[in-house]
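Encoded as structure tokens, the structure appears first; notes follow it.
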Amino acid sequence: MNGNSFWSQLARPVIGLAPMDGVTDAACRLITARHGRPDLSFTEFVSVDRIVSGYDPDLAELRYSEIERPVIAQVFGTDPEAFYRTAHLICALGFDGIDINMGCPSKTVAGAGAGAGLIRTPKRACEILQRAREGIRDWVAGQEIDQIGLPSSVPEDVRRAKARWFGREEEPVMELARHPIPVSVKTRLGYNQVIIDDWIPSLLSESPAAISLHGRTLAQNYSVEADWEAIARAVELARSSSTLVLGNGDIRSAATALRRILESGVHGVLVGRAAMGNPWIFTTGDFIRLAAQSGKTLPADPEISIAEKMAVALEHAELYDQYRGKLSFRNVRKYLAAYASGFPGASDLRHRLVQVECLQETESILHPVVCA
């Protein structure tokens, strides 16, 4: 079963939006797709245990828009059978791929053996990859999501979620063509120490479509600079395989991305924190590819006017308010703070934005700046 199709068709080097828990929600990804167009994006990670227990009929963390494609659902957990069942749901929702988080450094997640905790149990990590692929295979063969032990409400939840996401709540949802989707992995260099010479070959034995490698161990969290020499070593280990290796960590600009790509030989990079409040970082993707292939000099990063930045910040707040469901509007403050930086008066504006309680307050602050 060949599920690597979209990965093989991506222009290289790939410049994608990294998955970030509590950050790359549906509103963030849609704004990034509209104004930056990364080559691919990932959802926030979702627990497979929640999915197989009935999850939430809104399926909010898995919401996506067509403009984001290719869009990949990221999931985490420890039970291979839960990944088998979850793979059916991910396929039924129309995602382009499924990514298994083996890198989250959260004490709660890793301490339970999921996320970066799987680095310590490579046999289980490989079994998870196997069962996810088998779930995709059986879905392609015609197995329905109500035949695998998921709660009876799940098929209707999926139908309603897709209808709501794509604006066709009064119309029947078209049946998806059943084709295999690729399985990829997001991970780190190790748990307490760098062990890529053991860990990467273990993952490669299961032939994931791609490995996105964050250049730190779990123990390092974000306390040191990402180790791109170790990422380059992982590229060497994967060179004879069909698996792509994407690097992640401290990509702050187009120039940084280009330098890391050339130094490490990765097939692409994922941009994380630098994309917050700056979807325009992805508009440099074609320039990075040209420079990587021809040696030409990168142009300067795009200059975005204050009015445009604040217009997009307001658009982001409006989308967040539309999508947030039961979540507090206060969660949008971190995005607004990221937009309000790098220009005269940004500090004062940021101070006001991190105190907003509702969309109306946000509009009253930003409208004058947008219309100035």
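Our estimate of slack between Arg137 and Phe166, defined as 0.36 nm per intervening residue step minus the Cα-Cα distance, is 7.8 nm. Peptides 149-161, 63-75, ordered by how many other C-beta atoms sit within 10 Å of their residues on average, highest first, read 63-75, 149-161. Positive contributions from Lys and Arg (+1) and negative ones from Asp and Glu (-1), summed over other residues with Cβ under 9 Å from the Cβ of Phe45, come out at -3. Taking each DSSP H run with n ≥ 4 as -39500 (n - 2.57) and averaging over every residue of the chain yields -12500 deg cm²/dmol at 222 nm. Under 26 Å of direct C-alpha separation, and excluding same-chain neighbours fewer than eight residues apart, Lys326 reaches these lysines: Lys107, Lys162, Lys334. With coordinates expressed along the principal axes, the C-alpha atoms belonging to the chain extend over 57, 52, 38 Å, beginning with the largest.
For the listed peptides 351-358, 268-275, a ranking on the average number of other beta carbons within 10 Å per residue, highest first, reads 268-275, 351-358. About its Cα centre, the chain has a charge dipole of approximately 700 debye under the convention of +1 per Lys or Arg Cβ and -1 per Asp or Glu Cβ, with nothing else charged. Mean projection of the alpha-carbon convex hull of the stretch 306-370 over all orientations, in nm²? Hull-based average projected area comes out at 3.7 nm².
Largest GNM mean-square fluctuation among Gly265, Gly22, Gly277, using the chain with Cα springs under 10 Å: Gly22.
Across the chain, the mean sequence separation of Cα contacts (distance under 8 Å, 6 or more residues apart), normalised by length, yields a relative contact order of 17 percent. Share of pairwise Cα-Cα distances greater than 17 Å in the stretch 226-372 is 66 percent (whole percent). Full extension of the chain segment joining His179 with Gln9 gains 59.6 nm, where the gain is 0.36 nm per residue of separation less the Cα-Cα distance. As a length-normalised measure over Cα pairs under 8 Å and 6 or more apart, the relative contact order of the stretch 1-105 settles at 26 percent.
Values in this text are rule-based calculations from the coordinates and carry no lab data. These numbers were taken from a predicted model, which means no experiment stands behind them. Note that we place each Cβ from the backbone using ideal geometry, even for glycine, and neighbour counts take in every protein chain shown.
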